[in-house]
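Following: one structure in structure tokens, then a few remarks.
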Amino acid sequence: MNLKMEHKGLTERYQRQIQLKEFGVAGQLKLSQASVLVVGAGGLGCPALLYLAAAGVGKIGIVDDGLVEMSNLHRQVLYGTQDIGKKKVTCAKEVLQRMNDDIEIEVFAARVTSFNAFEIIAAYDIIIDGTDNFQSRYLINDACAILNKPLVYGAISRYEGQVSVFTSGINYRDIFPYPPKDGEVLNCSEAGVLNVLPGFIGNLLANECIKLITGIGEVLIGKLLVYNILSSYIYTIEISPTERSAQVRPLSKADFEQVDYPSLCGIEAPRQDEISADELNSLYSNREVDVVDVREDFELPKISHYTHIRIPLSSLHKEISVIKKDTVVFVCQSGKRSLLAAQRYRELISPQSKAVFSLKGGIASLEAGIKR
């Protein structure tokens, strides 16, 4: 968007910002030319989105696969009772567009995954992480670090919140190199949260974005701000790049796409979709099946007893059209990559349209079943 400041309506809309000596017309122009992606349209995302839109950020992206629920309404201020059951991104866009029809709003009714993260994140200048789970936080952090995108991070629980900006060689893993296991740290739905806390932290996220875009003030790079809403106690912790961060996070897109983020955070893949070698034999004998080997081309042994397709896991999203049949079985060396492949494949298709399985135990179980 190209903001023409001589337009009376726009001048009036942003006049209180423009009159700030450090901000001025130049700051408003920078906002109008910037793009910000907000991942998570919940307690943190809602206030951040409200103030970014009101400030005049030219393009705002919203990523969330959730529907509005009654329990959201006490803190997720973009939604009302009439929105229950509707997509959050759709409701958010309607509210923000009514507030400011001068900006562009793009929505993604999806969860950020290792399959789609690069494509979505690459199109924006700054990313806000407003998610409430560790698998998303680590995934978003790693993608932003590889793409060299500034990441504005926020987290809340009960009466306390955190804010930081990860860029210039510093990332989330410099504070938390390893994710906690599933259930070790409670999220808002489990621990609860006072409704004004996400409003406070969400506004700080928007504030850090505005400072990054306009160049005013001191950005929280290399600092973690912690705020307790009961005591009104605020303090900051210094953050420095660590060798451990570089050792544990993926350093390339190819490495990133191989990481199973749910398993990294102790979340088990759905085991009901695993099948044994005997079950594969039965499927193969009684119906049309696409057997898909997701190992790299150099990996041995080769599958010789089934007609199959060879698509390395890193290329699955590019070659999805090759998989034609209504029953699909993914195979790898041990059964771990094939579980991830099945999960990713389901994200690309209608969940009810195909039967998707992973071979339990991988190639070794397959060879043993054939010998019997």
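Considering each of ALA191, ALA206 in turn, give the residue that is among the hydrophobic types (A, V, I, L, M, F, W, C), within 23 Å of LEU73 (Cα to Cα), open to solvent by less than 40 Å² (accessible area, probe 1.4 Å) and at pLDDT below 95. Before you say what the answer is, go through the steps one by one.
Working: ALA206 fails: at pLDDT below 95.
Only one candidate passes the filter, namely ALA191.
Any idea how many residues of the range 154-168 are open to solvent by less than 40 Å² (accessible area, probe 1.4 Å), more than 15 Å from ASP125 (Cβ to Cβ) and in contact with a helix residue (DSSP H, G or I) (Cβ under 6 Å, 6 or more places away or on another chain)?
The number of residues fulfilling the criteria is 5.
Could you check, for the range 124-146, whether at least one of its residues is of a type in the set (Gly, Ala, Ser), surrounded by fewer than 18 Cβ atoms within 10 Å (Cβ to Cβ) and part of a loop (DSSP other than H, G, I, E, B)?
no
Kindly evaluate ILE105 against the criterion of being touching a residue at least 40 places away in the same chain (Cβ under 8 Å), surrounded by 22 or more Cβ atoms within 10 Å (Cβ to Cβ) and either out of contact with any Pro (no Cβ under 9 Å at 6 or more places or on another chain) or part of a loop (DSSP other than H, G, I, E, B) (or both).
No; evaluated as a whole, the condition is false for this residue.
For the range 63-96: of the residues being over 16 Å from THR131 (Cβ atoms) and touching an Asp or Glu at 6+ places or on another chain (Cβ under 7 Å), which is modelled with the highest pLDDT?
CYS91
Between GLU288, GLU243, GLU299, GLU319, which is without any contact (Cβ under 8 Å) to a residue 60 or more places away in the chain and within 30 Å of SER164 (Cα to Cα)?
The unique qualifying residue is GLU243.
Across the range 70-86, what is the total count of residues that are surrounded by fewer than 14 Cβ atoms within 10 Å (Cβ to Cβ) and polar (S, T, N, Q)?
Going through the range 70-86 one residue at a time, the tally reaches 3.
Being in a helix (DSSP H, G or I) and not basic (Lys, Arg) is the filter here, so list the residues in the range 13-35 that pass it.
GLN15, GLN17, ILE18, GLY24, VAL25, ALA26, GLY27, GLN28, LEU29, LEU31, SER32
Having 3 or more residues that are open to solvent by less than 50 Å² (accessible area, probe 1.4 Å) and out of contact with any Cys (no Cβ under 7 Å at 6 or more places or on another chain) is the bar; report the helices (runs of 4 or more DSSP H) wholly within the range 245-307 that clear it.
In the range 245-307, 277-286 are the helices (runs of 4 or more DSSP H) which contain 3 or more residues that are open to solvent by less than 50 Å² (accessible area, probe 1.4 Å) and out of contact with any Cys (no Cβ under 7 Å at 6 or more places or on another chain).
So for the range 36-56 (the condition being open to solvent by 20 Å² or more (accessible area, probe 1.4 Å), in a strand (DSSP E or B) and either among the hydrophobic types (A, V, I, L, M, F, W, C) or in contact (Cβ under 8 Å) with a residue 24 or more places away in the chain (or both)), does at least one residue qualify?
No, every residue in the range 36-56 fails to be open to solvent by 20 Å² or more (accessible area, probe 1.4 Å), in a strand (DSSP E or B) and either among the hydrophobic types (A, V, I, L, M, F, W, C) or in contact (Cβ under 8 Å) with a residue 24 or more places away in the chain (or both).
Quick check on my filter: what residues within the range 65-84 are hydrophobic (A, V, I, L, M, F, W, C) and closer than 13 Å to ALA41 by Cβ?
Of the residues in the range 65-84, the ones hydrophobic (A, V, I, L, M, F, W, C) are 67-68, 70, 73, 77-78, 84.
Of everything in the range 65-84, those that are hydrophobic (A, V, I, L, M, F, W, C) and closer than 13 Å to ALA41 by Cβ turn out to be LEU67, VAL68, VAL77, LEU78.
In the range 326-333, is there at least one residue being open to solvent by 10 Å² or more (accessible area, probe 1.4 Å), modelled with pLDDT under 90, part of a loop (DSSP other than H, G, I, E, B) and over 20 Å from SER276 (Cβ atoms)?
Checked the range 326-333: at least one residue is open to solvent by 10 Å² or more (accessible area, probe 1.4 Å), modelled with pLDDT under 90, part of a loop (DSSP other than H, G, I, E, B) and over 20 Å from SER276 (Cβ atoms).
The values are calculated or read from the model by the stated rules, or taken from the named source; none is laboratory data. Not measured: the values here are computed from a predicted model. Note: ideal-geometry Cβ built from the backbone for every residue, glycine included; neighbour counts use all protein chains shown. With ligands, DNA and RNA removed, areas are computed over all heavy atoms of the protein, side chains included. Shrake-Rupley method; radii C 1.70, N 1.55, O 1.52, S 1.80 Å.
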